[in-house]
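S.K.: Quick one: the structure is below, and I'll ask about it shortly.
The values are calculated or read from the model by the stated rules, or taken from the named source; none is laboratory data. Keep in mind that this is a model prediction, so the values were computed, not measured. Cβ atoms come from the backbone with ideal geometry, glycine included; neighbour counts cover every protein chain shown. Note: accessible area is taken over every heavy atom of the protein model, side chains too, but ligands, DNA and RNA are not part of it. Shrake-Rupley method; radii C 1.70, N 1.55, O 1.52, S 1.80 Å.
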Amino acid sequence: MYGSLRVLLQVLWAQLLCGWVLGSELTFELPDNAKQCFYEDIIMGTKCTLEFQVVTGGHYDVDCRLEDPDGTTLYKEMKKQYDSFTFTAAKNGTYKFCFSNEFSTFTHKTVYFDFQVGDDPPLFPNENRVTALTQMESACVSIHEALKSVIDYQTHFRLREAQGRSRAEDLNTRVAFWSIGEAIILLVVSISQVLLLRSFFSDKKTTTTRVGS
């Protein structure tokens with residue numbers, strides 16, 4: 001009983017480490033004609049992955065740029081809706097990645113990004129890895145990997161749902177304005193036709209001139 005409880009606590013602790021230590025995940029508003037940068041301290045040799053997606057706004061595109069501590073550009077894409085970039089840090093220091101909406105004049109964007117730094121911590125850090133895993137430990141590792149996959153799928157599905165909802169609301173707004181415009185045009189045309197028909201059947205005043213003999 002105690003061993004099972006200890007294994008469960010280790011799994012929960014590993015989940016907390018994955019959520020707090022390994023990366024940054026954020027959804028933020030990017031106004032028009034604006035640029036937003038983020039910074040991450042990375043140790044040389046660490047494997048990192050930057051993934052982003054534009055959730056709402058305009059044509060769902062944004063500029064992205066990633067630089068190393070010396071200002072060298074590692075990744076640069078213009079007007080991308082979503083992308084993923086993996087690299088290994090070649091030096092110690094602060095890495096900068098920026099999202100730009102400076103090419104947009106009127107529309108602001110909602111951008112999601114996930115910046116993962118390093119590998120997952122071991123699920124059982126205090127165990128001797130020379131020995132084989134027990135059946136309970138193997139099951140916990142499998143559950144741990146499955147939970148990570150579920151979290152990734154849920155994140156992507158939430159982003160797709162938010163993007164689809166935004167497009168549906170935008171389409172609904174356009175349809176509503178188009179319907180109102182059609183109703184106004186129909187009303188104007190109807191009134192014009194009624195006035196035109198009345199002008200055809202209205203009595204015209206005639207003047208009679210008498211000529212004396």
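S.K.: Would you say SER24 is part of a strand (DSSP E or B), among the small types (Gly, Ala, Ser) and either at pLDDT 80 or above or open to solvent by 30 Å² or more (accessible area, probe 1.4 Å) (or both)? Don't jump to the end; show me each part of the working.
M.R.: Values: part of a strand (DSSP E or B): yes; among the small types (Gly, Ala, Ser): yes; either at pLDDT 80 or above or open to solvent by 30 Å² or more (accessible area, probe 1.4 Å) (or both): yes.
So SER24 passes the test.
S.K.: Given the structure, is ASP120 open to solvent by 60 Å² or more (accessible area, probe 1.4 Å), at pLDDT below 80, touching a Leu at 6+ places or on another chain (Cβ under 7 Å) and not hydrophobic (A, V, I, L, M, F, W, C)?
M.R.: Details: open to solvent by 60 Å² or more (accessible area, probe 1.4 Å): yes; at pLDDT below 80: yes; touching a Leu at 6+ places or on another chain (Cβ under 7 Å): yes; not hydrophobic (A, V, I, L, M, F, W, C): yes.
Answer is yes for this residue.
S.K.: Okay, moving on. Quick check on my filter: what residues within the stretch 169-189 are closer than 23 Å to VAL55 by Cβ and of a type outside the set (A, V, I, L, M, F, W, C)? Talk me through it step by step, then tell me what you get.
M.R.: Of all residues in the stretch 169-189, those closer than 23 Å to VAL55 by Cβ come to 169-176.
Once the filter is applied, which keeps residues that are closer than 23 Å to VAL55 by Cβ and of a type outside the set (A, V, I, L, M, F, W, C), the stretch 169-189 yields GLU169, ASP170, ASN172, THR173, ARG174.
S.K.: Within the stretch 51-68, can you find the residues that are farther than 18 Å from THR88 by Cα and either assigned to a loop (DSSP other than H, G, I, E, B) or basic (Lys, Arg) (or both)?
M.R.: The answer is GLY57, GLY58, HIS59, TYR60, ASP61.
S.K.: Within the stretch 61-75, restricting attention to residues that are open to solvent by less than 50 Å² (accessible area, probe 1.4 Å) and among the hydrophobic types (A, V, I, L, M, F, W, C), which residue is nearest to LEU30 (Cα to Cα)?
M.R.: Only one residue fits best here, namely VAL62.
S.K.: Now, a different point. Is it the case, given these coordinates, that SER166 is small (Gly, Ala, Ser), modelled with pLDDT under 80 and surrounded by 14 or more Cβ atoms within 10 Å (Cβ to Cβ)? Spell out the reasoning first.
M.R.: Numbers: small (Gly, Ala, Ser): yes; modelled with pLDDT under 80: yes; surrounded by 14 or more Cβ atoms within 10 Å (Cβ to Cβ): yes.
So SER166 fits the description; yes.
S.K.: While we're looking at this one, here's another question. Could you grab me the full set of residues in the stretch 34-50 that are exposed (fewer than 15 other Cβ atoms within 10 Å of the Cβ) and part of a strand (DSSP E or B)?
M.R.: LYS35, CYS37, TYR39, ASP41, LYS47, THR49
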